[in-house]
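**Student:** Before anything else, here's the structure in question.
The values are calculated or read from the model by the stated rules, or taken from the named source; none is laboratory data. For clarity, every value in this text was computed on a predicted model and none was experimentally measured. Quick reminder, even Gly has a Cβ in these numbers, built from the backbone with ideal geometry, and neighbours come from all protein chains shown. For the accessible areas, the whole protein counts, side chains as well, though only heavy atoms, and no ligand, DNA or RNA atoms are used. Shrake-Rupley method; radii C 1.70, N 1.55, O 1.52, S 1.80 Å.
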Amino acid sequence: MKLAIIGAGNVGGTLGKAWAQKAGHEIFFGVRDAKSEKTQSLLRALGPKARAGSAAEAAAFGEMIVLATPWPATETAIRAMGDLKGRIVLDSTNPLTRGPDGIGLEIGHAISAGEKVQGWAAGASVFKTLNSTGFGNMANPVFNGVKSVMFVAGDDEANKPKVMQLVGELGFDMVDAGPLRNARLLEAHAMLWIDLSLARGLGRDWAFARVKR
Ligand SMILES: NC(=O)c1ccc[n+]([C@@H]2O[C@H](COP(=O)([O-])OP(=O)(O)OC[C@H]3O[C@@H](n4cnc5c(N)ncnc54)[C@H](OP(=O)(O)O)[C@@H]3O)[C@@H](O)[C@H]2O)c1
């Protein structure tokens, strides 16, 4: 599949590598400077299945668009892509801010980044996913044979299975987390992972998994 990934940092770069190398997808990174050494070295590592250009060029290429931009840059990046009506957008962002108590969520409970993204990407099908674990776990989501969990929240039930399939190819245990408004829960869940990892000593090399009877 042809994928647009907007942002080629920790998350975008990791996802691009994993989807190109594990699943054979073609990747077009939408970045601010395609000629930067960072982007060029990522492209060299990925080989012929990857290229880079502007966010608008990436969006024109991709069958699905994955947002992997810092929260403050996300509205600008979405607007740079132009009309996204009818497009499938996977939103991995978390609305992080730094306050007196360290990293926290800028918004939550009453609205989410996922819903803001839906407002900016008018007419698109937005799915909140790939936000609730560290980028290292996106490269390797399996722990001692156990798949870590990844949620997908979105309102477009017709396209949700496609999104779950694509994210599941990374190796996650996929769970349908309901409508897009549940991004409020997924972003809080991400914040729990971040807090435990960075402020409570768990480090980044662990993940949530689902057990059941
Ligand atoms: N890090 C994690 O483990 C993790 C896990 C889950 C979710 N997230 C979320 O994923 C998002 C990305 O995080 P990250 O850690 O990957 O950040 P990052 O390493 O800083 O990468 C962000 C990327 O976005 C690019 N960018 C910035 N503004 C842009 C614009 N207007 N158009 C296109 N690209 C733009 C940056 O390019 P430049 O190099 O030009 O600045 C960079 O390539 C954040 O919202 C974060 O909350 C992160």
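**Student:** Any idea what log10 I(q)/I(0) is at q = 0.10, 0.12 Å⁻¹ for the chain, Debye with uniform C-alpha scatterers and no solvent?
**Tutor:** Normalising to I(0) and taking log10 leaves -0.39, -0.58.
**Student:** Provide the gained length on full extension for the span THR76 to VAL175, in nm with one decimal, where the gain is 0.36 nm per separating residue minus the Cα-Cα distance.
**Tutor:** 32.6 nm
**Student:** What percent do you get for the relative contact order of the chain when only Cα pairs under 8 Å and 6+ apart count?
**Tutor:** Once normalised by length, the contact order is 18 percent.
**Student:** Full extension from MET1 to VAL211: what is 0.36 nm times the residue separation minus their Cα-Cα distance, to one decimal in nm?
**Tutor:** Roughly 72.5 nm would be gained on extension.
**Student:** Sticking with this one: Determine the dipole magnitude for the chain: charges of +1 sit on the beta-carbon of Lys and Arg, -1 on that of Asp and Glu, nothing else is charged, the reference point is the Cα centre, and the result goes in debye to the nearest 20.
**Tutor:** 420
**Student:** From the phi of every residue in segment 12-19, what ³J(HN,Hα) in whole Hz does the Karplus formula 6.51 cos²θ - 1.76 cosθ + 1.60 yield, where θ is phi - 60° and glycine or proline is x?
**Tutor:** With the stated coefficients, segment 12-19 comes to x, x, 5, 5, x, 4, 5, 5 Hz.
**Student:** Using a Gaussian network model of the chain with C-alpha springs under 10 Å, which one of GLY102, GLY16, GLY82 is most mobile by mean-square fluctuation?
**Tutor:** So, out of GLY102, GLY16, GLY82, the one fluctuating most is GLY102.
**Student:** Mind listing the Cα extents of segment 92-179 along all three principal axes, in Å, largest one first?
**Tutor:** 38, 35, 17
**Student:** Okay, which of segment 1-15 sit inside 16 Å, backbone N to the point 7 Å along the Cα-Cβ direction of LYS162?
**Tutor:** 1-5
**Student:** Using a 1.4 angstrom probe, figure out how much accessible area the chain has per residue, in square angstrom, rounded to the nearest whole.
**Tutor:** 48
**Student:** Further, regarding this structure: In percent, how large is the relative contact order of segment 95-183, given Cα pairs closer than 8 Å and 6 or more residues apart?
**Tutor:** Here the relative contact order equals 29 percent.
**Student:** Pop out the ³J(HN,Hα) list for segment 172-182 in order, Karplus 6.51 cos²θ - 1.76 cosθ + 1.60 with θ = phi - 60°, rounded to Hz; leave Gly and Pro as x.
**Tutor:** 7, 7, 8, 10, 6, 9, x, x, 4, 4, 6
**Student:** Given the chain, what percent of its DSSP beta bridges are antiparallel, to the nearest 5?
**Tutor:** Antiparallel bridges: around 25 percent, rounded to the nearest 5.
**Student:** Pull up all non-local amide H partners of LEU96: gap of 5 or more, or a different chain, and H-to-H distance under 5 Å with H placed in the peptide plane.
**Tutor:** TRP71, GLU106
**Student:** Still on this structure, please answer the following. Excluding residues fewer than 8 places away in the same chain, name every one of the lysines whose C-alpha is closer than 22 Å to that of LYS162.
**Tutor:** LYS2, LYS17, LYS22, LYS49, LYS85, LYS128, LYS147
**Student:** Probe radius 1.4 Å, ligands and nucleic acids ignored: give me the carbon and sulfur share of the accessible area of segment 47-114 as a rounded percent.
**Tutor:** Ligands and nucleic acids excluded, carbon and sulfur give 55 percent.
**Student:** Would you mind computing, in nm to one decimal, how far apart the modelled labels at ASP155 and ILE107 are, each placed 7 Å from Cα along Cα→Cβ?
**Tutor:** 1.4
**Student:** Okay, helix-only estimate at 222 nm for the chain: each DSSP H run of n ≥ 4 adds -39500 (n - 2.57), divide by all residues, round to 500 deg cm²/dmol; what do you get?
**Tutor:** Taking each H run of at least 4 residues, the total per residue is -11000 deg cm²/dmol.
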